[in-house]
Amino acid sequence: MHRMPDIDVLLLGAVPQEIRALTEILQNCRTLAFRGQTLWWGNYAQLVVVVAATGLGKVNAAITTASLLEWLTVSQVWHLGCTGAYSGGPLEIGDVFITDRVLCGDEGVLTRDGLMAVSRIGIPILVHRGEKFFDRVPLCWNEAMRKLIETTPPGCYRQRQGHLPSPACPCAPDGLERSEGAASRRTSAVPAQASFPCSSVVPENDEGFRLHYGPSLTVGMTSGDPEVAGERFRRYGAYAENMEGSAVAQTCCRFTIPMIECRGVSNFAGTRAKEAWELETSIAHCHGIIMTWLNAADAMQRPSRGDEA
């Protein structure tokens, strides 16, 4: 398989429902079959973008991500989709959650008294830049990615279909969870900076959402009831759980590719009744943040590419 041109952004979601609307914004888009999955390759303004579904779970996520990074020259990976929030944390259904710490929920030693950390085995799951990591995976954010993140500070946001970013009335919550590992830490909220476009259909009467940063937990088996979810929240202090995050982050770390994870909250972890889930709303809100980043990334690319021309 021949090597493709350089890719500015690789957008990954576990299943097609999480990414399909983003494929519709690509110009000159073509579809490719790849390792049992489907890729959409095209342009967003001046950016070269590939959108792909990895498949459900850590194994599929790692295989697809590694194969793509081996084949493509990628500047950044944006991992997106839905997530189940822990009810003890700050997230509500419809919120958007950006991971600032990737925690591993399956690795370790299982005993009758519970799970012991990987550090008890003594073998790290990853060694990165001389540091050993046992129960979490570092996020390799470079300067370009940090500039993207600055365009979406935590706080309240609104979005409107087809509108470019424009000033919006502040909609600040009383407080916002912000994490460096401890779930109970609170800081003041940052007011909304802008309303922004969304590739998905924005639900009618949508009142917006809050954007949070914090730790996420990756698990092989999602919480099947509130008791399990509550125990995981108490143990790890994560805000939400998903089934692919640590695998994508660890793969990107091994390839030294910057990666960020952005997810919309579709349900509370432990709630298995699908009628209580808000999949369309959570995906639409997540895509709003992704669209904001695409516009910002394009704006950052234009001066350098203009010089080259």
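The values are calculated or read from the model by the stated rules, or taken from the named source; none is laboratory data. These numbers come from a predicted model, not from an experiment. Here the Cβ is made from the backbone with ideal geometry for all residues, glycine too, and neighbour counts use every protein chain on show.
If we keep just the residues of region 261-280 that are buried (at least 24 other Cβ atoms within 10 Å of the Cβ) and aliphatic (A, V, I, L, M), which is farthest from W71 (Cα to Cα)? Ranking the qualifying residues of region 261-280, first place goes to A269. Of the residues making up region 271-286, those that are assigned to a helix (DSSP H, G or I) and touching a residue at least 12 places away in the same chain (Cβ under 8 Å) are L279, E280, T281, S282, I283, A284, H285, C286.
Please determine whether any residue of region 183-201 is modelled with pLDDT of 85 or more, loosely packed, with under 11 Cβ neighbours inside 10 Å and of a type outside the set (A, V, I, L, M, F, W, C). Looking for residues that are modelled with pLDDT of 85 or more, loosely packed, with under 11 Cβ neighbours inside 10 Å and of a type outside the set (A, V, I, L, M, F, W, C), one finds none in region 183-201, hence no. Looking at L164, is it part of a strand (DSSP E or B), aliphatic (A, V, I, L, M) and at pLDDT below 85? Criteria not met by L164.
A residue that is surrounded by fewer than 24 Cβ atoms within 10 Å (Cβ to Cβ), at negative phi and not in a helix (DSSP H, G or I) occurs nowhere in region 287-308. Of all residues in region 229-262, those satisfying the criterion of being closer than 13 Å to G84 by Cα and in a strand (DSSP E or B) are A240, E241, N242, C262. Taking region 65-90 as the range and being under 15 Å from G245 (Cβ atoms) and either under 16 Å from the mean Cα position of the chain (by Cα) or of a type in the set (V, I, T) (or both) as the test, the residues that pass are T65, V77, W78, H79, L80, G81, C82, T83, G84, A85. Residues of region 118-143 that are farther than 21 Å from V228 by Cβ, among the hydrophobic types (A, V, I, L, M, F, W, C) and not in a loop (DSSP other than H, G, I, E, B): L126, V127, F133, V137. Scanning region 96-117 finds no residues that are in a loop (DSSP other than H, G, I, E, B) and at pLDDT 95 or above.
Within region 75-120, the set of residues being under 17 Å from S216 (Cα atoms), hydroxyl-bearing (S, T, Y) and touching a strand residue (DSSP E or B) at 6+ places or on another chain (Cβ under 6 Å) comprises T83, S87, T99.
Annotation note: of L12, L68, the sole residue that is within 26 Å of Y236 (Cα to Cα) and at pLDDT 95 or above is L12. Taking residues in region 217-236 that are more than 19 Å from K58 (Cβ to Cβ), and partners anywhere that are assigned to a helix (DSSP H, G or I) and hydroxyl-bearing (S, T, Y), not one pair has Cβ atoms closer than 8 Å while being at least 6 places apart or on different chains.
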